[in-house]
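In what follows, a structure is listed as structure tokens, so that the remarks can point back to it.
Values in this text are rule-based calculations from the coordinates and carry no lab data. What you see is a predicted model, and the numbers here were worked out from it, not measured in a lab. Glycine also receives a Cβ, built like all others from the backbone with ideal geometry; neighbour counts cover every protein chain displayed.
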Amino acid sequence: MKIATKTRYGLRFMIDLAQHWGQGPVPMREIAQRQEVSKKYLEQVAAPLQTQGLICVSRGHTGGYELSRPPENITMADIMSATEGGLGILDCLDDSLVCSRADSCLSIKAWSGLQKSMIEYLASQNLKDLAAG
């Protein structure tokens, strides 16, 4: 399993915002320079984070990006869920999917355990701790 580049850059973007928490909106060009990623690409990375309410965007001369809540209240699970479109590793683990083999599937327990462990780990990693190094 590979994590999408958008997710990796999304985490870097969010850690950068956490490092500047409480200083007001941070211009995208500054974040892009520090992270050595194009401004245009970071804007694409930021879009799902804004849609999911993890960041606030203000326009204008003094505008920029900032976290929507304190960094200790935003986890890697929040970020990955936004950038990856959820945290499910298999479609058959989605509660809304009805699988004809669900009752006899011998591997579902293993996949379910892996997904649970991954989500628990991601939920335990908050931006405040990540930004502190």
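Computed from the alpha carbon positions, the gyration tensor of region 28-94 leads to an equivalent ellipsoid with semi-axes of 25, 14, 10 Å, biggest first. Estimated from the Cβ-Cβ distance and a Förster radius of 35 angstrom, the FRET efficiency linking GLN125 and CYS99 is about 0.70. Please grab the % of Cα pairs in the chain that end up more than 19 Å from each other. Tail fraction, whole percent: 53. Think of the chain as having a plus end and a minus end, set by charges on the Cβ of Lys, Arg, Asp and Glu; of SER100, LEU90, ALA18, ALA18 sits farthest toward the positive end of this dipole. Cross-link candidates for LYS40: which aspartates and glutamates have Cα within less than 15 Å, leaving aside residues fewer than 8 places away along the same chain? Partners within reach: GLU30. For region 15-76, applying the loop criterion from DSSP together with a ceiling of 16 other beta carbons within 10 Å to the GluC sites (Glu not before Pro) yields GLU36.
How large is the charge dipole for the chain, taken about the Cα centre, if only the Cβ atoms of Lys, Arg (+1) and Asp, Glu (-1) carry charge, to the nearest 20 debye?
380 debye
Packing order of peptides 15-23, 99-107, highest average first: 15-23, 99-107 (average count of other Cβ atoms within 10 Å over each peptide's residues).
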